[in-house]
Amino acid sequence: MAKLSIIIPVYNEEKTILKVIGAVKKIKLGNIPNEIIIVDDSSTDKTRSILKKIKDNTIKIFYHEKNMGKGAAIRTALGHASGDIISIQDADLEYDPQNIARLARLILDGSSDVVYGSRFLGRKLKLFGKGKTPLPLHWIGNRGLTFITNMIYLNSITDMETGCKIFRKDVIKGINLKGNRFDFEPEITAKILKKGYKIKEVPIDFNPRTFNEGKKITWVDGLKAAYYLIKYRFSD
């Protein structure tokens, strides 16, 4: 029987960590069992104390003693994941955990080995009025990075930077991941495409946070992402 491993890297998410755990525990994929793997990346707020109170044998919790970054937290979790399908869920609830079930079904039915939840598939930039695009500069930056990805890897995805990604275990564990921080996103996409895997995309809803609400990624991370996309095209 297949098994789903849901990885949750977390850093300073005391307001949302219990909500995301609760939402993830409600994910149902028929009779397929789930395991939740949380890695606290040396949070400085109350996140760690909240996690230490959890007593649930379906949840594995690990702690970094110093802050190492999202990519490092994901690598730690991968070392403890026993599922046949690996999913990544951010702890800030920008992405609805119920997306995981939708994407995982495409893995289970053999449609794809890799599925991304796209925030941009079927959507256009709207700067004014009802339904205007939230954080338009981030929208433009993400679209720019995706354009670079498609140009140098000869592909046609719409959302390289999405935090909603699902893989067969052998795909992600067969890749030599090195990135410690947000460079994980361009690295995993670059290396998946270089290995010849086809990324299937599904449109998803998302609820982006502002910087005042705790959003962590900045334009500097965008420049770094562009660098890593180019770097991994010519190296491993």
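Taking the range 28-50 only, how many residues are in a loop (DSSP other than H, G, I, E, B) and either surrounded by fewer than 13 Cβ atoms within 10 Å (Cβ to Cβ) or not β-branched (Val, Ile, Thr) (or both)? Number of matching residues: 11. Residues in the range 90-120 that are of a type outside the set (Gly, Ala, Ser) and farther than 12 Å from PHE206 by Cα: ILE100, ARG102, LEU103, ARG105, LEU106, ILE107, LEU108, ASP109, ASP113, VAL114, VAL115, TYR116. Filtering LYS19, LYS66, LYS53, LYS25 for residues that are surrounded by fewer than 17 Cβ atoms within 10 Å (Cβ to Cβ) and in contact with a strand residue (DSSP E or B) (Cβ under 9 Å, 6 or more places away or on another chain) leaves a single hit, LYS25. Only one entry of ALA77, ALA73, ALA81 meets the criterion of being under 25 Å from LEU177 (Cα atoms), in contact (Cβ under 8 Å) with a residue 60 or more places away in the chain and touching a Pro at 6+ places or on another chain (Cβ under 6 Å), and that entry is ALA73. Within the option set ILE140, ILE166, ILE172, ILE100, being modelled with pLDDT of 90 or more and either loosely packed, with under 13 Cβ neighbours inside 10 Å or assigned to a helix (DSSP H, G or I) (or both) holds for one residue only, ILE100.
Just need a number here: residues in the range 79-98 that are polar (S, T, N, Q) and more than 11 Å from GLY163 (Cα to Cα). Break it down stepwise before answering.
Going through the range 79-98, the residues polar (S, T, N, Q) turn out to be 82, 87, 89, 98.
Narrowing further to those that are more than 11 Å from GLY163 (Cα to Cα): 82, 98.
Count: 2.
Scoring TYR116 on the criteria (1) under 19 Å from the mean Cα position of the chain (by Cα); (2) modelled with pLDDT of 90 or more; (3) assigned to a loop (DSSP other than H, G, I, E, B) leaves a single failure, condition (3).
Residues that are under 11 Å from ALA225 (Cα atoms) and aromatic (Phe, Trp, Tyr) within the range 165-202 comprise PHE182, PHE184, listed in sequence order.
Of the residues making up the range 177-224, those that are surrounded by 15 or more Cβ atoms within 10 Å (Cβ to Cβ), closer than 18 Å to LEU145 by Cα, at pLDDT 75 or above and among the aliphatic types (A, V, I, L, M) are ILE188, ALA190, ILE192, LEU193, ILE199. Scanning the range 76-92 for residues that are buried (at least 23 other Cβ atoms within 10 Å of the Cβ), of a type outside the set (A, V, I, L, M) and either at pLDDT 95 or above or not in a loop (DSSP other than H, G, I, E, B) (or both) turns up just one, SER87.
The values are calculated or read from the model by the stated rules, or taken from the named source; none is laboratory data. The structure presented is a predicted model; accordingly, all values stated were derived computationally and were not measured. Please note: Cβ atoms are built from the backbone with ideal geometry, for glycine as well, and neighbour counts cover all protein chains shown.
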